[in-house]
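*Asks:* Before I ask anything, let me first share the structure, which is written out below as structure tokens.
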Amino acid sequence: MSSAFGSTDPPEESGSDTDSISAESGTPETPSQERSADGATTVDVSDWDTVGNGLVDPGGDVERPAEGSPFGHATAESIIVSYLRGSTDPIFVVDAEGNFTHSNRECRDLFGRVPGELIGTNLFEYDEADNSVMREVLDTGEAIQNLEGVVEVDDETVHVSRTFFPLFDAAGELAGAIEINRDVSERVAALDRQDTLEEYRAYQNEVIAAFERWTDRLSRGDFTVEPEIPEPDADHEEIREAYDRFSRMAADLSGAIEDVNDALVDTRHTAERLAEISDDLVDAGEETTTATAEIDDASDAVDEMASEQAEQATVAKEDVATLATAVEQISRNATRIEEHAATASNRTEEGVEDAETALERIREAMAASESNVEHVRGLEARMDAIGEMADLIADIADQTNLLALNANIQAAHADESGDGFGVVADEIKGLADESKASVAEIADDLEDLRSGIEETMTAIERSNRTVETGADAVDGVVDHIEEIETAVGKTDEEIRTISQAASEQAATTETVEEIVRDLSERSDEIETQMASVSTSIDRQIDTIERVVDVSETVDDMAAEMEATLAAFELETEEQGDIGS
């Protein structure tokens, strides 16, 4: 079996030592070529340098034994076949024209070929890889090593490291080339991952720097931050996933910032409102304290007036009791006067009946007349006493009027709680006016009674003179007795009027006494209530002072809160959108 690179069969014996044909090229040997023991030509080493026990080619690349090589019987073909069998890298060999001469299993697997498919075809007819490099090697005869490239096989990209070695025959002519493809997909993937990792780290650092800027602004109280993750420059899946995660984090942070911003804005508004309320509370507390102090002073004044009023009511009650006693005495006196008047009337009637016998009883009549004079004088004295009582009742009525007026004034100061007191005072005043009017009538009646008494005394005196002048004046005495009867009748009627008025005055006095007693009790109640009001006002003043203290404390807290919130830069509806 033979190829462009010789046969893999054992070499045949040559019958000539000088005219032999090279197995590889079929050309005559030159003197500079060595021949192996089996007659095969070897590499020309005539220009190699001897170094120790070896020879080194002019380029200093290859070293070999100076006294022959153990591979003297090996051909290029056998060496190529041995290398293809032992290598795990995809390898193929082409001749000088680019025709495939050798390939191993790994090569066919890489390019998706089966045995027999490549042999006989030309490399440059395929486009799985960049074959211009092989053309350059065949043209220049220079090796190219570790060239990174890709091979497209069944829509799959395989990263390979390609190494090209030209193959020369014994004469130094280019016989072909060998290409070694090493699958470096994992290394490329690792490098890609490394690049991706570096890009990811760079992008991560960029995002972290953005977060640090945002958090720095937040730490300085700037809540106008609007977190927005920058788009990555690289379009790797890992970076894209990181962008999505960072975007969600930024969205969460943005929501949290918005919530905190809204809460701080609300807190700022609340602090401002709290400061206003606390100021209002302090002002209202001070005003209330002043007003309460004025009310307390007024309450003390009312309390003092109520005490005075209670004392006056006590005095009035005593005066009314005295008045009631006096009125009862007047009533009793009037009753007695009425009885005397009735007796006088009866006697006058008897005098008329006995007028015809007046002469026999003239002396008795004179004695009776003198007795009547004495009685009339006693009645006049009693009328004077009644007049004095009437004057006393008038004075009491005037004093009651003054008390009622004072009670009305006090009721007006007591607001609604004194309305009932004012009504009672009006009733007292009305009764006092009625009493005064009744007293005036009594005074008039007494004046008339005095006039009647004086007339009676004059008549009695005339009667006495008439009796003294003789019986001739009996008819005149009868006439005068009739006049006396008429006068006594009038006097009796007037006395009955006085008695009735005195009874009515007594009843009125009892009513006044009850009213004054009730007024005294009410005055005591008012005094007690005002004392309770004063105590309540004192407690209210203490409470208001505590409220003022608390309001001042709240005001200080609101001021501190406002000062704290002033350090925050917040986004409000009035400000609109502020860039991050």
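*Asks:* Estimate the FRET efficiency between E482 and E294 by the formula 1/(1 + (r/R0)^6), using the beta-carbon distance for r and 56 Å for R0, to the nearest 0.05.
*Replies:* The pair E482/E294 has a calculated efficiency of 0.10.
*Asks:* Hey, another quick one. Residue by residue through the stretch 269-286, which ³J(HN,Hα) values in whole Hz follow from phi under the Karplus form 6.51 cos²θ - 1.76 cosθ + 1.60 (θ = phi - 60°), with glycine and proline marked x?
*Replies:* Each residue of the stretch 269-286 in turn: 4, 5, 5, 4, 5, 4, 5, 4, 4, 5, 4, 4, 5, 4, 4, 5, x, 5 Hz.
*Asks:* Could you derive backbone 3J(HN,Hα) for the stretch 177-193 from the dihedral phi with the Karplus parameters 6.51, -1.76 and 1.60 (θ = phi - 60°), listing whole Hz in sequence and x where the residue is Gly or Pro?
*Replies:* 7, 10, 10, 10, 10, 9, 6, 10, 4, 5, 5, 5, 4, 5, 5, 4, 5
*Asks:* I've got another one for you. Skipping prolines and chain starts, which residues have an amide H placed within reach, meaning under 5 Å, of the one on A175, given they are 5 or more residues away or on another chain?
*Replies:* Under 5 Å from the amide H of A175: L167, F168, D169.
*Asks:* Turning to a different aspect of this structure: Cut-off 20 Å, label point 7 angstrom out along Cα-to-Cβ of E311: give me the residues of the stretch 522-551 whose amide nitrogen falls inside.
*Replies:* Only 522-532 fall inside the zone, counting backbone N under 20 Å.
*Asks:* Measure out, as a whole number of angstrom, how far apart the alpha-carbon centroids of the stretch 175-206 and the stretch 120-143 sit.
*Replies:* If we compute the Cα centre of each part, the gap is 25 Å.
*Asks:* Please go through the stretch 224-258 and write out the trypsin sites (Lys or Arg not before Pro) that DSSP classes as loop and that have at most 10 other C-beta atoms within 10 Å.
*Replies:* Taking the stretch 224-258 and a limit of 10 other Cβ atoms within 10 Å, no loop trypsin sites (Lys or Arg not before Pro) are found.
*Asks:* Right, next: Can you put H236, H340 in order of accessible area, largest first, using a 1.4 Å probe?
*Replies:* Numbers: H236 65, H340 100 Å².
Result of the area sort, largest leading: H340, H236.
The values are calculated or read from the model by the stated rules, or taken from the named source; none is laboratory data. Everything quoted here is computed from the prediction, not taken from an experiment. FYI the Cβ positions are ideal-geometry reconstructions off the backbone, even for glycines, and counts take in every protein chain you see. To get the accessible areas, we keep the full protein, side chains included, count just its heavy atoms, and leave off ligands, DNA and RNA. Shrake-Rupley method; radii C 1.70, N 1.55, O 1.52, S 1.80 Å.
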